[in-house]
Structure formats: C-alpha cells, structure tokens
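Okay, structure first, notes after.
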Amino acid sequence: MPNWPTDPIYEEMTSPADGDKVLVNDVSESTVGKKIKWITWENIRAWIKTWMNTLVETSGPTVLTTGAIADGEYLKRDGTSIVGGTPELSITAAPASDHLASGVKIRLTAAATMAFGDVGYIASTEKVALIDADAIASMSGVVMCVDASISADAEGNFLLIGIARDDTWNWTVGGLIYGTVTGTSGNTLSQTQPSGADDVIQILGVATHADRMLFNPSLIQIEHT
C-alpha cells in the first residue's frame, strides 16, 4: 500500500461528512485478507459518544448533549443527560464528613500555621493572619481555613462563604458565632461576644447544626469603649 503522508494519492480531510469512510486495521480479525475494513464518520461519532458516556458514573446520566456548547457554558447533569448550562453555585447544607466545607473558596497564603475552622484577616503582608478580637487591627475576619492544616507561608484553601463542618464543635443551633480574643489556632470562634475594653464584636456566622455553621462574616464591627 502507498505510504502516508508522502504519497500524493492521499489528501487531508478537514470536514468529514456522515457518509465518508476511512480504512481501519481490525486487530480482532483473524482471517487473512479481511483485516482492512472501512468505517463511516457517522460510526466514529456514535462510538465517541458511547465512549464518553462510560466516563459518567453508573447510576448517573447516560446521554450526552448534542450540538454546540456556548461560550460561558459548562457541562452539567440534567436528569439522565449531560447538557450545556450556565454556571451556578450550589452549597451543600450538610457536608458528608468531618472537616469538610462547601461554598465559595479561595487560595491564599497563611501568615502562621492554621487548622480547619481557623478564621483569618488579610494582613499588610497580603497573607492570612489569625483574628484576635482584642483590637480592631487584628479583626475583620473574612476567610476560614478549610484545609486540615496550612503551614506558615504556605498556600491553602480558605472559605469565603458557605457551610463548614467540624465534629468537635458543639454549637447552639440558630445562635450567632463571633470572633474571639484568644487569637490562637483552634480558638477563633465562640458563641459568646467579646466584652472587654477595646474588644471587637464581629459576627462570623450562625450555627446550622451542633457541628456545622454557615460562615458569612459581617464587615460591620462594634468596638467596645
């Protein structure tokens, strides 16, 4: 047979139609003289679609969308199909296990070692420092560490708004959650308002369960006189 691509009898096809055919080597064919077979572009497209469906979980969608995906769209599940759709935010009210969070997250650098649930403010170094309600300069908590731990000067995941779960928490459901004057890892949250002179009261969220909270920090803060 002629050699591809140097032999001039072959030309590149850039826009195949359903009826166009290509030659393939059937490795499963044992009969000499029958190994070279043809397949249509329509067959190829059908095979690709079938193969893509195998990438979807067994109990999930079984049909891929047809047609183009518009700019700004992404693939999403719609019943038994995968279709194009516009981005949307969905927050899980009850994360499946301890030390999980669902919501809007951002990657930032920690100024000190931080653990899951630690709340931080943006320091002048552009890093996340642990909040301390003793003074306004160390408050304005805006993010929560949602990695198991983040080392000092390392980058990690922080929650901007969403649901966090920590099975060591024991919140009063429905109660507000504030920043604390402790200022140490593992001790940035409390349902008791700071009450000392110059202490800062900042609502960081509300308890939705004994072990879960809606993290939604308020930037309105009250400073004791």
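Structure notes:
- In the stretch 181-217, the residues that are surrounded by 21 or more Cβ atoms within 10 Å (Cβ to Cβ) and closer than 15 Å to G120 by Cβ: T188, L189, V200, Q202, L204, G205, F215, P217
Conditions tested, residue by residue: (1) among the polar types (S, T, N, Q); (2) in contact with a helix residue (DSSP H, G or I) (Cβ under 7 Å, 6 or more places away or on another chain); (3) closer than 13 Å to G205 by Cα.
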{"position": "A133", "(1), (2), (3)": "no, no, no"}
{"position": "G156", "(1), (2), (3)": "no, no, no"}
{"position": "L159", "(1), (2), (3)": "no, no, yes"}
{"position": "T168", "(1), (2), (3)": "yes, no, no"}
{"position": "V173", "(1), (2), (3)": "no, no, yes"}
{"position": "Y178", "(1), (2), (3)": "no, no, yes"}
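- Lone qualifier among L219, L204 - being in the same structural domain as G120 (by TED's automatic domain parsing) and within 24 Å of the chain's Cα centre (by Cα): L204
- Scope the stretch 100-134; condition assigned to a strand (DSSP E or B), surrounded by fewer than 22 Cβ atoms within 10 Å (Cβ to Cβ) and touching a residue at least 24 places away in the same chain (Cβ under 8 Å); matching residues: L100, S102, G103, V104, K105, I106, R107, L108, T109, A115
The values are calculated or read from the model by the stated rules, or taken from the named source; none is laboratory data. Treat the numbers as computed from the prediction; the structure is a model and nothing was measured. All Cβ positions, even for glycine, are placed from backbone atoms using ideal geometry, and neighbour counts span all protein chains on display.
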